[in-house]
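Beneath this line is the structure, given in structure tokens, with notes to follow.
The values are calculated or read from the model by the stated rules, or taken from the named source; none is laboratory data. Note that the structure is predicted; figures quoted are calculated from it, not measured. Here the Cβ positions follow ideal geometry from the backbone for every residue, glycine too, while neighbour counts run over all protein chains shown. Heavy atoms of the whole protein, side chains included, go into the accessibility calculation; ligands, DNA and RNA do not. Shrake-Rupley method; radii C 1.70, N 1.55, O 1.52, S 1.80 Å.
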Amino acid sequence: MNLLIKSATVVDPASPFNNKVADILIEKGIITKIAKSIDADVKTVDAKGQYVSPGFFDLNCNVGELGLEVKEDLQTGTAAAAAGGFTGIALMPNTQPPVHSKAEVEYLLNRAKGNLVDIYPLGAISSKREGKDMAEMFDMFKSGAKAFTDGNHPVQDAGLMERALLYVQNFGAKVISYPEDTSIAGKAKVNEGVVSTMLGMKGIPALAEELMIARDLYLAEDTNSEIHFTTISTEHAVELIREAKRKGIKVTCDVAAHNIVLTDEALMGFDSLYKVKPPLRTQKDVDALRTGLQDGTIDAIVSQHTPHEIEFKDVEFEVAEYGIIGLQTVLTLALQAGLSAGQVVEKLAINPRKILNVDVPAITEGSAANLVVFSTDNEWEYTRAVNQSKSYNSPFLGQNLKGKVLLTCNNNKISKF
């Protein structure tokens, strides 16, 4: 695969061409030359006024394989990822069977060989994600799992979480916590507040998230372990993590793209497409999340891509499943939340890989071409024809969106949109 990208603004702190306009020549999947002007008899892409950066990386993605391929398989999931600018995705173990042994890890890695998008299976902390006994984490790590989480099953047993934090220190892996105290969250479906009262629905208090974050921060501090919180959503959660970082606790965190744009007011029409977990919160929480992104408290933005068949979403709000598909809309939501191109690259490409201890690709001569070309100004309509996922559960379908991925390149493959 040979390609010449013309007049792109490079956004990559590791590149000598960072923030400069340059031509980039790619030959057989390798960046062979970067210069102000290059002439070559190869396919050319005009990227004037657009940005080129390391490919995006998603830390929280759900794909149906294993067992739930009717929702999404690796082929459609990675196609949606590429269309969203992602050249790497970390797969949550929320499958049937769950990813709780080396067999599932090895199956997924073998299935994804030769793909434009690299996949990184996350192993379960507990066997069957039941929150009782530790899974075979070391075996999974040796087979390729970079981190461990019970996915959308929060670990309620503090002793289990403590043992997991201590155990992974032996081989340099990381524990990812989805923070929710289920005894407080109960069976509620939306954020507790004015909107839940108006809707006549039980609410999930912010305390359910914050209490679990406080617990796991204490455990991380006591064990001197690294911990990553995924999809934080409340104002006080940001404050807790900001203070923990100030104290020197080894903590990182991410936020779902929809939680930095949407509020619980979107639920006033009982539209189940907006039913997500953690729930959409208040404008005050959204503002705090955006501040956390700006000041570095929040390290990354994730898609929390969660595909569902129509029969799981086009039903009464109370019984609808949680989640939206998000791989193709992360960029536009990040821009809508006020991030600059440089901040987008930091939160979507560089920090996620650092958190997972994955090599960060660079826009430098001699490096493998693992990159995305994107625009912060181009508008596009997110239609069913454009959607690459097998599922359609997104509230943004049918909308005109600003901020477009134009090209992704990795593993000597290219997708142009």
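The table below lists the values:
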{"read-out": "Count of residues meeting criterion [assigned to a loop (DSSP other than H, G, I, E, B), crowded, with 16+ Cβ neighbours inside 10 Å and out of contact with any helix residue (DSSP H, G or I) (no Cβ under 9 Å at 6 or more places or on another chain)] in region 331-389", "value": "7"}
{"read-out": "Residue list for region 39-64, filter: under 15 Å from Leu371 (Cα atoms) and open to solvent by less than 20 Å² (accessible area, probe 1.4 Å)", "value": "Val45, Ala47, Val52, Ser53, Pro54, Gly55, Phe56, Phe57, Asp58"}
{"read-out": "Lone unmet requirement of (1) more than 26 Å from Leu371 (Cα to Cα); (2) touching a residue at least 40 places away in the same chain (Cβ under 8 Å) for Asp73", "value": "(1)"}
{"read-out": "Subset tally (residues that are of a type in the set (Gly, Ala, Ser), closer than 15 Å to Ile227 by Cβ and in a strand (DSSP E or B)) for region 118-164", "value": "1"}
{"read-out": "Selected residue [under 16 Å from Gly342 (Cα atoms), touching a Lys or Arg at 6+ places or on another chain (Cβ under 9 Å) and open to solvent by 40 Å² or more (accessible area, probe 1.4 Å)] from Lys36, Lys20, Lys6", "value": "Lys20"}
{"read-out": "Residues within region 211-235 that are assigned to a helix (DSSP H, G or I) and either touching a Cys at 6+ places or on another chain (Cβ under 8 Å) or free of Cβ contacts under 8 Å to residues at least 40 places away in the same chain (or both), tallied", "value": "6"}
{"read-out": "Which listed residue is within 16 Å of Arg111 (Cα to Cα) and not in a strand (DSSP E or B), from Gly64, Gly49, Gly88", "value": "Gly64"}
{"read-out": "Verdict on Ile232 being crowded, with 17+ Cβ neighbours inside 10 Å, modelled with pLDDT of 95 or more and more than 22 Å from Asn152 (Cβ to Cβ)", "value": "no"}
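Every residue, every condition in (1) open to solvent by 10 Å² or more (accessible area, probe 1.4 Å); (2) more than 30 Å from Pro16 (Cα to Cα); (3) out of contact with any Ser or Thr (no Cβ under 7 Å at 6 or more places or on another chain); (4) of a type in the set (Lys, Arg), yes or no:
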{"residue": "Leu66", "(1), (2), (3), (4)": "yes, yes, no, no"}
{"residue": "Gln75", "(1), (2), (3), (4)": "yes, yes, yes, no"}
{"residue": "Ala82", "(1), (2), (3), (4)": "no, no, no, no"}
{"residue": "Phe86", "(1), (2), (3), (4)": "no, no, yes, no"}
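Results for (1) among the aromatic types (Phe, Trp, Tyr); (2) on the phi > 0 side of the Ramachandran plot; (3) within 19 Å of the chain's Cα centre (by Cα); (4) in a helix (DSSP H, G or I), shown as yes or no for each residue.
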{"position": "Arg246", "(1), (2), (3), (4)": "no, no, no, yes"}
{"position": "Asn259", "(1), (2), (3), (4)": "no, no, yes, yes"}
{"position": "Leu293", "(1), (2), (3), (4)": "no, no, yes, yes"}
{"position": "Pro307", "(1), (2), (3), (4)": "no, no, yes, no"}
